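The values are calculated or read from the model by the stated rules, or taken from the named source; none is laboratory data. Everything numeric here is computed off the predicted structure, so don't read it as measured data. Every residue, glycine as well, gets a Cβ built from its backbone with ideal geometry; the counts of neighbours run over all protein chains shown. In case anyone asks, the SASA skips ligands and DNA or RNA and just uses the protein heavy atoms, side chains included. Shrake-Rupley method; radii C 1.70, N 1.55, O 1.52, S 1.80 Å.
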Amino acid sequence: MTWMNLPNRYLIVILTFASTCVCYIERVGFSIAYTVAADAAGINQSSKGTILSTFYYGYACSQVPGGWAAQKIGGRKVLLLSFVLWSLTCFLVPLDPNRVTILVVARLLVGVAQGFIFPSIHTVLAQWVPPHERSRSVSLTTSGMYLGAAMGMLFLPSLVKLKAPESVFLAEAALGVLWSVLWFKYATDPPRSEHPKAAAAGFGESLLPTDASPRTKMENGGSTVKATKIPWKKILISRPVWAIVVNNFTFHYALYVLMNWLPTYFEQGLQLSLQEMGSSKMMPYLNMFLFSNIGGIVADHLITKRVMSVTKTRKFLNTVGFIVASIALLALPIFRTSGGAILCSSVALGFLALGRAGFAVNHMDIAPRYAGIVMGVSNTAGTLAGIIGVDMTGRLLEAAKIEYSGLSSPESWRAVFFIPGWLCIFSSLIFLVFSTGERIFD
């Protein structure tokens, strides 16, 4: 028992929730601040897409190394180092759309640093959280992304208007430093579980050498800790892992396209002002926050009450989430009012978040000991979706701007939303056929 008499694992979950919240304030904040600065400097849509997608190149490069580092060094330490690095980068780099090289290098550095975060979080949660609490714990932690995005959409446009786009960077750096101080003060490594059932399910397992790790005798009578060998080949050829990978790709394709281009859609597609939209512009992300936690609670209820098996629960929530999201995405360009656009984007993102109670928790079902590694592999695919989706959207819009003499017609945005809509249908079928909730990696 620690801070405010909370059990250690609850405190860890709360702090990891706060970490994802701060990270997505940074991501949405850059999109908003850069869009304002780039529009003022006359930067075209294709060039904007290139800068916005640069972050994901760095992010992709550090996913698997992040899982490896969390496995070898410890998720707690890697998470702290990541936050310090990206916070310093935000603090030191100026926002000038005409200084392209500096912006590209800065966004690559922030991407590399933040790429270590989610593999580290999954490693920490796999160690701390028992199986019957995993769905809601992971859902709460990841819902911080959506609350952070909602807060960013609500407050940061006003900050840009009152101060300047550069002020967003300083605010984000301050939040990153504050979180780092809290994590350094309160986060600890877990004790090894004494409960045989919990240990068998992966709870409390240290991913680092411990006194209980297998030992190898030496000729001189001493002993050394035998290092755990990561089953890379088995992970990379596993169909359940690839089911997670495909769904992670689709989820992040839709999320990153909407997160980076919704401000442009509101302002140029619907001719609306972000400042004048008030709190309504945060609804898609607030909906994600709510549905993510609903999905986690429902999943744990179905599993603990034995209404469904773990496998059926993951497949059910993933399928419902992705199919409803696909319908909303396909309908989005049809609606030409702020209310209709907010409704469709809210339903799409909300049900995608519900689907995370399927594929996103599945890492710890099938490989609790290697959750950070599997998360790194699948999140690499999710990051590639950001690179492809954000950059390609900019190119699609630039072409549509020429063909339709602007971006105010629904035709100019149809491909932007149809691509993730059809991907959702395809991915839900893949998960339905190939996924499992059983542990397949010892």
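The table for this structure:
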item	result
Choice from Thr250, Thr393, Thr337 with maximal GNM fluctuation in the chain (Cα, 10 Å cutoff)	Thr337
Taking region 1-135 and dividing mean pair separation by its residue count, relative contact order in percent (alpha carbons under 8 Å, at least six apart)	33 percent
Full-stretch length increase - Phe335, Val100 - with 0.36 nm per residue and alpha-carbon distance subtracted	81.0 nm
Label point distance in nm, Phe91-His301, each placed 7 Å from Cα along Cα→Cβ	4.4 nm
Region 39-79 versus region 138-155: alpha-carbon centroid distance in Å	18 Å
Modelled label reach - Ser167, point 7 Å along Cα→Cβ, region 88-124 residues with backbone N closer than 19 Å	90-97
Percentage, to the nearest whole number, of Cα pairs in the chain over 41 Å apart	14 percent
Max mean-square fluctuation residue, GNM over the chain, Cα-Cα springs under 10 Å, options Leu302, Leu286, Leu329	Leu302
Nitroxide proxy distance, nm - points 7 Å out along Cα→Cβ at Ser46 and Lys233	4.6 nm
Positive dipole terminus of region 354-439, leading residue within Ile366, Ala415, Val377 (C-beta point charges)	Ile366
10 Å Cβ shell holding at most 12 others, DSSP loop, GluC sites (Glu not before Pro): longest site-free stretch of the chain	1-193
Accessible solvent surface per residue of region 261-396, calculated while the other protein chains remain in place, 1.4 angstrom probe, Å²	32 Å²
Span-rule helices in the chain, defined as complete DSSP H runs reaching 24 Å or more along the axis (Cα) with Kyte mean at least 0.5	8-41, 75-92, 134-162, 165-186, 239-264, 283-304, 310-331, 338-359, 371-403, 411-434
Loop sites in region 94-164: trypsin sites (Lys or Arg not before Pro), DSSP, at most 15 other Cβ within 10 Å	Arg99, Lys163
Estimated distance in nm for a label pair at Glu438 and Phe155, the labels positioned 7 Å out from Cα along Cα-to-Cβ	4.8 nm
Listed pairs Lys72/Lys315; Lys77/Lys234; Lys77/Lys233; Lys48/Lys401; Lys185/Lys229 exceeding 22 Å between Cα atoms	Lys72/Lys315; Lys77/Lys234; Lys77/Lys233; Lys185/Lys229
Ellipticity estimate at 222 nm from DSSP helix runs (n ≥ 4, -39,500 (n - 2.57)) divided over the chain, nearest 500	-25000 deg cm²/dmol
Cα gyration tensor shape of region 98-178, rounded if a/c is under 1.5, else prolate or oblate by comparing a/b with b/c	oblate
Rounded, prolate or oblate (a/c below 1.5 giving rounded, otherwise prolate when a/b exceeds b/c) for region 321-368 by Cα gyration tensor	prolate
Fluctuation leader among Ala41, Ala331, Ala33 - the chain, Gaussian network, Cα springs under 10 angstrom	Ala41
